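Data block below; observations after.
The values are calculated or read from the model by the stated rules, or taken from the named source; none is laboratory data. Only a predicted model underlies this, so the values are computations on that prediction, with no experimental measurement involved. Glycine gets a Cβ as well: all are built from the backbone with ideal geometry, and neighbour counts include every protein chain shown. These accessible areas exclude ligands, DNA and RNA; they are computed on the full protein's heavy atoms, side chains included. Shrake-Rupley method; radii C 1.70, N 1.55, O 1.52, S 1.80 Å.
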Amino acid sequence: MASILLVYPSPELQKVRRFGFSLNLLYLSAILKKAGHEVFLKDYSVENLDMNALAELSSQIDVAIIEFDSFPLKRALNIHMGEFLAEFYKQKYKDIKTIAFGYDCILQPRVIPNIDYVLTQEPEKSIVYVVERLLGDMEVRSSDLSTMTLEHLDDLPFPDRKILSTYAEHGGTINRKPNLARSTLIQTSRGCMNTCRFCQRKGWANKYHEHSIDYVVREFNEIAADGYRNVWICDDNFTFNLKRAKKLLRRLFNERSTEGMHIALSSWSNVDFEFLELAQKANVSVISIGVESTCQEVLNFYNKQINLDKTEELVSFADQLGIYCVGNFIIGAPMESEKTIGDTFKYIMRVPFDQVNVKILDYMLGADLFQELPDEMKKNERHFFACKENGLNDFPLEYLKNRIRIFQEEFNINRRERFVNKVGRFGLPYEIIGT
């Protein structure tokens, strides 16, 4: 048996209000414990890096596994802190074996200084093999790894939620005190075969996996028994298979598996009225919808398929059901103009979204848009904001940031009274401590 430390390095930018943790590390913890190893977790996205405490813990471990995450999940890279921690181990604890894994390692396979082995594939099937080969001072053979691919999601154990700190489960971060009732993440599927050209996820997930309905219901029953009240379904696209999504919601409702919960999910616009009715019955309180733009030329450029009139009807219907809708939009395509930005903002104000996220188009490593950039431009970069400075549209970056900031303030003022009234009728979209 080995003592293993799982580490999520701190991202360069800490989000104040983003709830979450690495579900990938919780899967690895469950797998490693099942193999007989002792596992610890340090998540520096929600706690401060205390080098003295880390040194004390490190004196007890044999292996450090560091997750090098991708750009969009925390909206900031964590690779520089990951490299710092790898150097710390090689300088202070030469006997500790170090492993790097994560989406950044898949997107940009490379030798990482001070790391004994870099895993450039999904880690769940191979992590025990890699750990045991390194501990035995044996070569990790690529021919062996090629056979260790995850074909069926149901082969995974449930994530090891017991390894999480109470602080993390209640929404605490470096910048915010815990304020949520007991909260967690769940994954019912991986991947999305939609063709959006801005999406980075296809760079590490080139196929679509589903858990069986029975597996998901069992996991929901477990987290309900453990007292979780807020549940974020972190699928890449929960409704990629809409028929399956509706079947799952129907089961959760019929078996009362989500009774008393508040559930949030992302749909990326592939929903219908029946889905919304089932979602409301299954206690889904938040649906995040990817609209992106109201300009057809921009949507064509993104290769985004959406019916804007139907989406407006669906959001209005969800609003009547008491579901809170988050609209996701992108500005900055090459053909973007003041008019197309203004038309998108008018649409947002007309449709009863409860919250909106407006982002500047980002050409990210792994996305089709990034791959189509000239090689001399990409080099070792991981992303480029669409702006005049990068030659990707006619708008300066600061102008786009300011345009979004001003609109966001206008939207928040416009929806404040409406949001308060909705909370009065349906309650908050999530449960906070003490409610």
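Being open to solvent by 90 Å² or more (accessible area, probe 1.4 Å) and among the hydrophobic types (A, V, I, L, M, F, W, C) narrows it down to one of Ile432, Ile413, so name that one.
On the way: Ile432 fails: open to solvent by 90 Å² or more (accessible area, probe 1.4 Å).
When all the criteria are applied, what remains is Ile413.
Within the range 32-76, the residues that satisfy the criterion of being open to solvent by less than 30 Å² (accessible area, probe 1.4 Å) and part of a loop (DSSP other than H, G, I, E, B) are His37, Tyr44, Ser45, Val46, Ile61, Phe68, Asp69, Ser70, Ala76.
Mind telling me which of the residues Glu297, Glu381, Glu312 ends up being part of a loop (DSSP other than H, G, I, E, B) and either modelled with pLDDT of 95 or more or open to solvent by 20 Å² or more (accessible area, probe 1.4 Å) (or both)?
Numbers: Glu297 fails: part of a loop (DSSP other than H, G, I, E, B); Glu312 fails: part of a loop (DSSP other than H, G, I, E, B).
Sole residue among the options that is part of a loop (DSSP other than H, G, I, E, B) and either modelled with pLDDT of 95 or more or open to solvent by 20 Å² or more (accessible area, probe 1.4 Å) (or both): Glu381.
From the set of residues in the range 189-215 that are at pLDDT below 90 and outside any loop (DSSP other than H, G, I, E, B), which is farthest from Asp368 (Cα to Cα)? Selected residue: Arg201. Checking each residue of the range 336-350 against the condition of being over 24 Å from the mean Cα position of the chain (by Cα), of a type in the set (Asp, Glu) and crowded, with 21+ Cβ neighbours inside 10 Å gives at least one match. Let me spell it out: the conditions are (1) surrounded by 13 or more Cβ atoms within 10 Å (Cβ to Cβ); (2) in contact with a Phe, Trp or Tyr (Cβ under 9 Å, 6 or more places away or on another chain); (3) closer than 24 Å to Asn300 by Cα, and Asn393 meets all of them except one. Which number is the exception? The one condition Asn393 does not meet is (2). A search for C-beta distances below 9 Å between a residue of the range 44-64 that is within 22 Å of Lys177 (Cα to Cα) and any residue that is assigned to a strand (DSSP E or B) and of a type in the set (Ser, Thr, Tyr), counting only pairs 6+ apart in sequence or on different chains, returns Tyr44/Tyr8; Ser45/Tyr8; Ser45/Thr173; Val46/Tyr8; Val46/Thr173; Glu47/Thr173.
Of the listed requirements (1) outside any strand (DSSP E or B); (2) closer than 21 Å to Asn24 by Cβ; (3) in contact with a strand residue (DSSP E or B) (Cβ under 9 Å, 6 or more places away or on another chain), Ser288 misses just one: (1). Pairs are defined by a Cβ separation below 8 Å, a sequence spacing of at least 6 or placement on different chains, a first member in the range 1-22 that is open to solvent by less than 10 Å² (accessible area, probe 1.4 Å) and outside any loop (DSSP other than H, G, I, E, B), and a second member that is among the hydroxyl-bearing types (Ser, Thr, Tyr) and at pLDDT 90 or above; the pairs so defined are Leu5/Ser58; Leu6/Ser29; Val7/Tyr44; Tyr8/Ser22; Tyr8/Tyr44. For Asn179, the conditions (1) surrounded by fewer than 21 Cβ atoms within 10 Å (Cβ to Cβ); (2) under 14 Å from Asn237 (Cβ atoms); (3) touching a strand residue (DSSP E or B) at 6+ places or on another chain (Cβ under 6 Å); (4) not basic (Lys, Arg) all hold with the exception of (2). Checking each residue in the range 400-410 for being exposed (fewer than 12 other Cβ atoms within 10 Å of the Cβ) and of a type in the set (Lys, Arg) picks out only Arg405.
Each residue in the range 356-372 was checked for being open to solvent by less than 20 Å² (accessible area, probe 1.4 Å) and either closer than 21 Å to Pro429 by Cβ or more than 25 Å from the chain's Cα centre (by Cα) (or both), and 2 of them qualify. You will find that of Asp214, Asp236, the residue that is under 22 Å from the mean Cα position of the chain (by Cα) and not small (Gly, Ala, Ser) is Asp236 and no other.
Yes or no, residue by residue, for (1) farther than 27 Å from Phe68 by Cβ; (2) among the hydrophobic types (A, V, I, L, M, F, W, C); (3) touching a strand residue (DSSP E or B) at 6+ places or on another chain (Cβ under 8 Å); (4) open to solvent by 20 Å² or more (accessible area, probe 1.4 Å):
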residue: Phe329; (1), (2), (3), (4): yes, yes, yes, no
residue: Met377; (1), (2), (3), (4): no, yes, yes, yes
residue: Ala386; (1), (2), (3), (4): no, yes, yes, no
residue: Glu398; (1), (2), (3), (4): yes, no, no, yes
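Kindly establish whether Glu312 is under 19 Å from Cys387 (Cα atoms) and acidic (Asp, Glu). So Glu312 does not fit the description; no.
Taking into account only those residues within the range 193-230 that are polar (S, T, N, Q) and surrounded by 15 or more Cβ atoms within 10 Å (Cβ to Cβ), which is farthest from Ser257 (Cα to Cα)? Spell out the reasoning first.
Filtering the range 193-230 down to residues polar (S, T, N, Q) leaves 194-195, 200, 206, 212, 221, 230.
Now narrow it down to the ones that are surrounded by 15 or more Cβ atoms within 10 Å (Cβ to Cβ): 194, 200, 221, 230.
Working: Asn194: 30, Gln200: 33, Asn221: 5, Asn230: 13 Å.
It comes out as Gln200.
Looking across the range 172-194, the residues that are touching a residue at least 40 places away in the same chain (Cβ under 8 Å) and farther than 23 Å from Ser267 by Cα come down to Gly172, Thr173, Ile174, Asn175, Arg176, Pro178, Asn179, Leu180, Ala181, Arg182.
Taking the stated definitions as given, is Leu26 open to solvent by less than 20 Å² (accessible area, probe 1.4 Å), closer than 22 Å to Arg382 by Cβ and in contact (Cβ under 8 Å) with a residue 40 or more places away in the chain? Working first, answer last.
Numbers: open to solvent by less than 20 Å² (accessible area, probe 1.4 Å): yes; closer than 22 Å to Arg382 by Cβ: no; in contact (Cβ under 8 Å) with a residue 40 or more places away in the chain: yes.
For Leu26, the condition - open to solvent by less than 20 Å² (accessible area, probe 1.4 Å), closer than 22 Å to Arg382 by Cβ and in contact (Cβ under 8 Å) with a residue 40 or more places away in the chain - is not met.
Against the criterion of being assigned to a loop (DSSP other than H, G, I, E, B), in contact with a Phe, Trp or Tyr (Cβ under 9 Å, 6 or more places away or on another chain), open to solvent by less than 30 Å² (accessible area, probe 1.4 Å) and not hydroxyl-bearing (Ser, Thr, Tyr), Phe353 qualifies. Annotation: of all residues in the range 139-158 being part of a loop (DSSP other than H, G, I, E, B), free of Cβ contacts under 8 Å to residues at least 12 places away in the same chain and not basic (Lys, Arg), the one that is most open to solvent (accessible area, probe 1.4 Å) is Glu139.
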